[in-house]
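The structure appears below as structure tokens.
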Amino acid sequence: MSTLTANQIHTPAFDIAIIGAGLAGSLCAHLLAQSGHSVCIIDKSRGSGGRASSKRLEDDTSCDLGTPFILAQHSDVITLLQQLTKEQVAAPWKQLNQGDAQAFVGTPKMSAITRHWIQQAHFIASTRIHHLDQVTQNGDKQASWLLRDDKYQPVVIAKKVIIAAPAPQTASILATHEQLAVLLLRANQASASYQSQWAMWLETEPCDLNALIEPKDSLIKRMIKDNYKPMRHSEKMDRWVIQTTAEWSKQHLDSDKEWITQTLLKAFAEITEHRVLKHGAPHRWFLSRFSEHKGNKPFAWSPENNIGLVGDWLCQGDAEGALLSALSLIHHITDAE
């Protein structure tokens, strides 16, 4: 542990710093800011959303190349998404409901949810947190955390830190401080279970095919009519997002993008028998999904270090799991205060 140097004294300080502005991190920021904490949320991308981010297209529209919808079964998550619906940030996609599970999308795009949740927090974009240092300031008995970027420059100081990133990225941050070995072990164990995925948008003439198609015996895992989502309907064309299976993606993770493009277009045409009028470049989600790394709780918290972990990899391995993980950790933190 070190004391602050002169240039670090002017580094902005917060009660809590959150690394990662995806669904889990953004919800943490929202709940903590609501309860009166000063919150900073930091993301390596230009905007919020993480794997629920949206791709802006040429005609000032967008599509969701990552998480296409949230399938919610847990009452707390359904309540959360119903509240967003009242605030016109989300909408139910009833066509995709499965039994007791309800489907929701962000409006007018998935990233609207995270953008809404981080409004009361200080957001730092395009910054990759690489290193954690413990520091003392203003004679405090309890040490704070100094977060540094990948150039080792100080970014913020915080009393508590929540890492809301995929397991391998979480592990690389935790590995920079010797006191975080227990958290690091859990992140390292989960890192082996990641799956990658290729995704691409394309457009066809309007057709009567279902809004969600999950082909069998195909390299395509699912095809989603993005313009069929609530608040996005278009009469002029159908805009699809196609996502590949984990097995095929693993085999072709480093293949040439043009070859990936042509292969996906051919597979789509064979399944739908529709001609593609326009398409975008394929996007590789290197850390697309994780199998749940089961523990006693759907989050991790080190009270002696004031550092916590949230994310889908700690709970269910899906978008609802990311939200449940965040809800559980914030309840744990606020109950302990």
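Assorted remarks:
- A Förster radius of 45 Å combined with the Cβ-Cβ distance from Ala175 to Arg222 puts the calculated FRET efficiency at roughly 0.80.
- By the helix-only formula, in which each DSSP H run with n ≥ 4 contributes -39500 (n - 2.57) and the sum is divided by residues, the chain has a 222 nm mean residue ellipticity of -8500 deg cm²/dmol.
- Computed FRET value (nearest 0.05) for Lys236 with Asp150, which takes r as the C-beta separation and R₀ as 51 Å: 0.75
- Here the convex hull built on the C-alpha positions of region 125-168 has a volume of 89 cubic angstrom per residue.
- Efficiency of FRET from Cβ geometry, Lys94 and Ala192, R₀ 30 Å, rounded to 0.05: 0.20
- Sparsely packed loop sites in region 266-309 (the GluC sites (Glu not before Pro) outside DSSP H, G, I, E and B with at most 14 other Cβ atoms within 10 Å) comprise Glu273, Glu304.
- Listed values (1) 2.05; (2) 1.30; (3) 1.03 include one computed from this model; for Cα Rg over 2.2 N^0.38 Å that value carries the label (3).
- Between Glu87 and Glu258, the modelled labels are 4.6 nm apart [label points 7 Å from Cα along Cα→Cβ].
- Acute angle (nearest 10 degrees) that the helix 257-272 long axis makes with the longest principal axis of the chain, alpha-carbon atoms: 50 degrees
- Of all the options Asp60, Asp256, Asp43, the one that moves most in a Gaussian network model of the chain with Cα springs shorter than 10 angstrom is Asp60.
- Annotation: per residue accessible area for the chain equals 47 Å², rounded to a whole number [probe 1.4 Å, protein chains only].
- Applying both filters, DSSP loop and at most 11 other Cβ atoms within 10 Å, to the trypsin sites (Lys or Arg not before Pro) of region 103-151 gives Lys141, Lys151.
- Here the spin labels are modelled as points 7 Å beyond Cα on the Cα-Cβ line, and at His331 and Glu58 they lie 4.9 nm apart.
- Label zone at Ala101, where the point sits 7 Å out along the Cα-to-Cβ direction: region 206-235 residues whose backbone N lies under 16 Å: 212-215, 221-224
- Label-point gap, in nm, between Cys207 and Ser302 - each point 7 angstrom along Cα→Cβ: 5.2 nm
- Under the criterion of Cα pairs below 8 Å and six or more residues apart, the relative contact order for the chain equals 19 percent.
- 0 to 90° range, to nearest 10: angle between helix 23-34 axis and the chain longest Cα axis: 50 degrees
- Note that region 150-229 shows a convex hull volume over its alpha carbon atoms of 195 Å³ per residue.
- A 1.4 Å probe, protein heavy atoms only, puts the accessible area of Arg284 near 90 Å².
The values are calculated or read from the model by the stated rules, or taken from the named source; none is laboratory data. In this text the structure is predicted, and so the values were computed from the model without any measurement. Counting neighbours? That spans all protein chains shown, and the Cβs are built from the backbone with ideal geometry, glycine included. The area values use the complete protein model at the heavy-atom level, side chains included, leaving out ligands, DNA and RNA. Shrake-Rupley method; radii C 1.70, N 1.55, O 1.52, S 1.80 Å.
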